[in-house]
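The values are calculated or read from the model by the stated rules, or taken from the named source; none is laboratory data. Keep in mind that this is a model prediction, so the values were computed, not measured. Cβ placement follows ideal geometry from the backbone for every residue including glycine, while neighbour counts extend to all protein chains displayed.
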Amino acid sequence: MNHRDRDESSPLSPNDAFAILANETRFAIVQTLWELYDPNDPANVVKFSELYDGDNAVTFSELYERVGYGDTGNFSYHLEQLTDHFVRQTDTGYELTEAGFEIARAVVAGTVRERPRIDAAEIDATCPRCDAPVVVDYEDHHLSASCSQCPGIWQDSTGEDGVLFTFPFPPTGLSDRTPEDAFHATLAFNLNRIQSFITGICPDCSSEVVESIDVCETHEPGDRGGCPRCNRQHRIEVAEVCHQCKSVARGPLTIAILAHPAVAAFYHDHGIEHQFASWETFRRAQTVEEEILEEDPLRIALTIPCGDEELQLCLDDALDVVDVTRSTRGC
Ligand SMILES: [Zn+2]
Ligand SMILES: [Zn+2]
Ligand SMILES: [Zn+2]
């Protein structure tokens, strides 16, 4: 039997989805099916290449026993409410649908469940501005890195307060990790997401991403503080927005450009394995120079130095690279 036939249920409105899940028993069913699911079970591995035959589903009696809910009639009613959208009934029992997995994962990732934190800790990484040790801190689902000596990369207009970065990071990411491991995992997790945005695919819902830039007209960053107009050190900010799920990524063009394949090739020729989703991207972004070559049509030049050479990428207003030149530095 082709299980896809069973998936062709009518679309669920957000109101109905919330109504279905806003019940303790139904929620416990989703959670129990997730707990009983073993991703290493051969029956589940087969699923990726073949249509699933449902022989690894949880039987009604096992599910009923695990959830431990009063009478079977009522339990069946709640299970039925979930079926088709969050739970799929197979020939042998019940299993989660993709939507069911998404709900379970959101809960497991800790967005709803807990509020762990780590105390500020110095790690073995150095500030791109002054080479002093980096300090990491975790609060409210965000990991921030700051410099133990200077105001870092992002300051307020007074130049007093600053950080190297603050990124969202799910609490589960802290499990079994030292502060230093959590720091690197946060960078990899978020820069991989940013790379997906740059590729034009929303990392949250796979929809199309709309890219735009904000160029500060009268950009004057101070030695210690950001520019009084835009509060940034960098002149050109890129915004990536998904209009389907409203997921957003914003950041300096000097970082985004480091995801370009010509940049990886340039570094590679200099004996450096450039990984975009790493802390080195932040350090290297500090060496990138941005320049507006022409206003109309807009042409932006980004120059990346390495050894005795520099790589210049010329971008148009759609942020497409229209020219790449390599030259000896100082020429
Ligand atoms: Zn510093
Ligand atoms: Zn500015
Ligand atoms: Zn999206």
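Side notes on the structure shown:
- Of the residues screened, Glu211 is one that is within 25 Å of Arg284 (Cα to Cα), more than 16 Å from ligand 1 (Cβ to nearest atom) and either surrounded by 18 or more Cβ atoms within 10 Å (Cβ to Cβ) or in contact (Cβ under 8 Å) with a residue 40 or more places away in the chain (or both).
For (1) within 16 Å of ligand 1 (Cβ to nearest atom); (2) touching a Pro at 6+ places or on another chain (Cβ under 9 Å); (3) in contact (Cβ under 8 Å) with a residue 12 or more places away in the chain, each residue gets a yes or a no:
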{"residue": "Leu82", "(1), (2), (3)": "no, no, yes"}
{"residue": "Gly100", "(1), (2), (3)": "no, no, yes"}
{"residue": "Glu122", "(1), (2), (3)": "yes, yes, yes"}
{"residue": "Val134", "(1), (2), (3)": "yes, no, yes"}
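- Residues in region 214-226 that are more than 16 Å from ligand 1 (Cβ to nearest atom) and more than 28 Å from the chain's Cα centre (by Cα): Glu217, Thr218, His219, Glu220.
- A single entry from Leu298, Leu319, Leu258, Leu302 fulfils the requirement of being more than 25 Å from Glu180 (Cα to Cα) and modelled with pLDDT of 95 or more: Leu302.
- Selection within region 233-250: residues that are surrounded by fewer than 19 Cβ atoms within 10 Å (Cβ to Cβ) and within 15 Å of ligand 2 (Cβ to nearest atom). The member of this set that is farthest from Glu291 (Cα to Cα) is Arg250.
- Subset of region 167-196 that is under 17 Å from the mean Cα position of the chain (by Cα) and modelled with pLDDT under 90 - its residue that is farthest from ligand 1 (Cβ to nearest atom): Thr172
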